[in-house]
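I have placed the structure first, in the form of structure tokens, so that the comments after it can refer back to it.
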Amino acid sequence: MATTSVHPSVQAFITDVKAIIAEHGDGPDGLERIAARMKELTQDTELTKADGPVGNVHHGQQVPPLYHDETGLTLVRAKFGPDHNTPIHNHFTWGIVAVYEGKDNYQIWRRLDDGDDEGHAEVEMVDEFIMGPGDVQIIPHPPQDIHAQQGAGEDTYEFVLFGANAMEGPRLYFDPEKKTATRTVPKKN
């Protein structure tokens, strides 16, 4: 069942996302099309300025999603502050990040080992860049869905769309120095 009382802009966006997935799938072409549609969402001032849940699950600020349904498709509004980088992590699903306010210092990481041993992991950062309002970034399908984020000098607000419910599902936190991957499940409020 879909999230109740969905904002009309969110409902229109989700309708478009489902149509894109139905026609193009959730491979590279479909995700690029969804990212383009998500960029439009960052320009919707009615939605970006609306009061509503904003949180960062990596720092204990989990909030209800803007949209979630039985397929797992989940849209959240997130905030990343400048004081702490998120842990290097994954969500076991594809996703799309779209900044609507502030600047996001975004890092892409990749796994170097075969991934067979959940406790052991070798990861390296492959890219780091600043995202500003209107910028989007695709989080690829697992196992290369590893990333980290931090507000670049200010609080950063963004929409994040996940192909599965990343708010309740497990994730791995990676420590490149210790070469570990620790499984965790977000706490429910």
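List of remarks:
- Tally of residues being over 16 Å from the mean Cα position of the chain (by Cα) and assigned to a loop (DSSP other than H, G, I, E, B) across region 156-189: 7
- Residue that is nearest to His7 (Cα to Cα), among those in region 75-106 that are of a type in the set (A, V, I, L, M, F, W, C) and out of contact with any helix residue (DSSP H, G or I) (no Cβ under 7 Å at 6 or more places or on another chain): Val76
- In this entry, Ile96 is excluded by the filter for residues that are closer than 19 Å to Gly169 by Cβ, at pLDDT 95 or above and surrounded by fewer than 19 Cβ atoms within 10 Å (Cβ to Cβ).
- Residue within region 142-152 that is under 22 Å from Arg33 (Cβ atoms) and surrounded by fewer than 19 Cβ atoms within 10 Å (Cβ to Cβ) present: yes
- For region 49-85, a tally of residues being small (Gly, Ala, Ser), surrounded by fewer than 19 Cβ atoms within 10 Å (Cβ to Cβ) and at pLDDT 65 or above returns 3.
- Of the residues making up region 113-128, none is buried (at least 18 other Cβ atoms within 10 Å of the Cβ), assigned to a strand (DSSP E or B) and of a type outside the set (Val, Ile, Thr).
- Test: residue in region 141-156 that is over 30 Å from Thr48 (Cβ atoms) and either in contact with a helix residue (DSSP H, G or I) (Cβ under 8 Å, 6 or more places away or on another chain) or not acidic (Asp, Glu) (or both): yes
- When each of Ile34, Ile14, Ile20 is tested for being surrounded by 12 or more Cβ atoms within 10 Å (Cβ to Cβ) and more than 19 Å from Tyr100 (Cα to Cα), the lone residue that passes is Ile20.
The values are calculated or read from the model by the stated rules, or taken from the named source; none is laboratory data. Being a predicted model, the structure only gives us computed values, none of them experimental. Counting neighbours? That spans all protein chains shown, and the Cβs are built from the backbone with ideal geometry, glycine included.
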